[in-house]
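First up is the structure itself, then whatever we jot down about it.
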Amino acid sequence: MAYNQIQQTLWYQNPASVGLHPNPEVVLAGRWQWQHPLEVNAPVQYSAALQTGIPGRRLALGMQVHHTRLAARRQTRASLQVAYHLPVHEKYLFSVGLSGGALFQQRT
């Protein structure tokens, strides 16, 4: 994600942070530039993300979908994340994460 809403969800950049919060989390974001967002060539970005820990396990799962329309290019990215959280002290966790996904592009 190349815009400012990325700070709201740490796991966009670091899959090891998926599932650190005790509750499931859903994030929807959008950015419409210019005055009329329905204008055909106006830059638009949408994203949706979900992450949750698996109760009773040290595993967590996450997913993200992003769509960008910028001039003559349209791009959609989708990815899945998995994280493992190992308690090493009552205040500390050692977390490892893995992310993989797909990219679809269309140029007009």
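For the reader, a short list of remarks on this structure follows.
- Selection within the stretch 1-26 - among the aliphatic types (A, V, I, L, M), within 17 Å of residue 76 (Cα to Cα) and either outside any loop (DSSP other than H, G, I, E, B) or modelled with pLDDT of 70 or more (or both): 6
Each row is one residue, and each column tells you yes or no for (1) of a type in the set (A, V, I, L, M, F, W, C); (2) on the phi > 0 side of the Ramachandran plot; (3) touching a residue at least 24 places away in the same chain (Cβ under 8 Å); (4) in contact with a strand residue (DSSP E or B) (Cβ under 7 Å, 6 or more places away or on another chain).
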position	(1), (2), (3), (4)
50	yes, no, yes, yes
67	no, no, no, yes
95	no, no, yes, yes
108	no, no, yes, no
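- Test: residue in the stretch 36-59 that is among the polar types (S, T, N, Q), assigned to a loop (DSSP other than H, G, I, E, B) and at pLDDT below 90: yes
- Search result, residues across the stretch 13-34 that are in contact (Cβ under 8 Å) with a residue 40 or more places away in the chain and more than 14 Å from the chain's Cα centre (by Cα): 20
- Any hit, the stretch 78-86, residues being outside any strand (DSSP E or B) and out of contact with any His (no Cβ under 8 Å at 6 or more places or on another chain): no
The values are calculated or read from the model by the stated rules, or taken from the named source; none is laboratory data. Everything numeric in this text was worked out from a predicted model, so none of it was measured. In this analysis, Cβ positions are derived from the backbone assuming ideal geometry, glycine residues included, and neighbour counts consider all displayed protein chains.
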